[in-house]
Amino acid sequence: MSQTPVSTRFLADLSPAARLWLATPVLFMIPLFWDLTGLDGWVMQQLADSNGFPLRHQWWLEKVMHDAARHLATVVYVGVLVMVWRPVGPFRRLSRILRVEAAVGVTLGLLAVRWMKRLSMTSCPWDLQDFGGVARHVSHWNWGTLDGGPGQCFPGGHASAALAFVALALPWLTSVVGEERRMGRQWLLAVLWGGLALGLTQTLRGAHFPSHTLWTALVCWGVALANHQVFRWVRRA
């Protein structure tokens, strides 16, 4: 008779929330590996030359995928706040404390990325000398090192307009009900696709390296997961 591998039994015994925590170090390796490859520079060189990025002011990317998407994200965020008291659709199945958790998680994700950007001395690709700007390239790992440009470009703020909403998936992803976890995975997938679209928009325009979007995703995920853990403690108190 075949026996279940120890690793499989170990994962099966973990709670849904514990599995998410266990996955986080693996997720951390994705942007870290990307940084180690040095592909950021190669990608941007395919999109621009010494005169800059030709798609920087392309109408669809600038007006729709940036400006309109930012306004849409604001509307969705306000809707999330309203649903704390007046839930609609599947959010009616969540208790108020879980709806508060989701709203707080989204808010903290947005604030975390904004705070990191304000402290960052990393300039955007379109500000670099290689692409017609004045800044020299300095890795975002070199905290506190000036590059001669305006800075405040790491991680990707526009991508966070979608990725911060990963916090909405946590109440579903950590549920013991299989159907609710499936819903959480669907929401997570939608958020990731949205973040990818917004991050790609800014990369094509020259506003952000691809790594900026990857790190934004990790920041939003980490903040949402930590927020979820705090609310778990609150519910148990």
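Here are the numbers for this structure:
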quantity	calculated
Some residue of region 152-166 being within 20 Å of residue 116 (Cβ to Cβ), surrounded by fewer than 15 Cβ atoms within 10 Å (Cβ to Cβ) and among the hydroxyl-bearing types (Ser, Thr, Tyr)	no
Some residue of region 109-125 being surrounded by 15 or more Cβ atoms within 10 Å (Cβ to Cβ), under 30 Å from residue 179 (Cα atoms), within 19 Å of the chain's Cα centre (by Cα) and touching a residue at least 12 places away in the same chain (Cβ under 8 Å)	yes
Residue identified as part of a helix (DSSP H, G or I), modelled with pLDDT of 95 or more, in contact with a Phe, Trp or Tyr (Cβ under 9 Å, 6 or more places away or on another chain) and under 25 Å from residue 128 (Cα atoms) among 80, 43, 76	43
Check on residue 23, more than 30 Å from residue 130 (Cβ to Cβ), in a helix (DSSP H, G or I), among the small types (Gly, Ala, Ser) and modelled with pLDDT of 95 or more	no
Answer from 172, 233 - the residue that is of a type in the set (Phe, Trp, Tyr), buried (at least 21 other Cβ atoms within 10 Å of the Cβ) and modelled with pLDDT under 95	172
Counted residues, region 83-96 - those being surrounded by 13 or more Cβ atoms within 10 Å (Cβ to Cβ) and part of a helix (DSSP H, G or I)	2
Candidate set: region 189-237, residues that are farther than 30 Å from residue 56 by Cα and of a type in the set (D, E, K, R); chosen: the one nearest to the chain's Cα centre (by Cα)	232
Some residue of region 216-236 being of a type in the set (Gly, Ala, Ser), touching a Leu at 6+ places or on another chain (Cβ under 6 Å) and within 19 Å of residue 108 (Cα to Cα)	yes
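The values are calculated or read from the model by the stated rules, or taken from the named source; none is laboratory data. For clarity, every value in this text was computed on a predicted model and none was experimentally measured. Glycine gets a Cβ as well: all are built from the backbone with ideal geometry, and neighbour counts include every protein chain shown.
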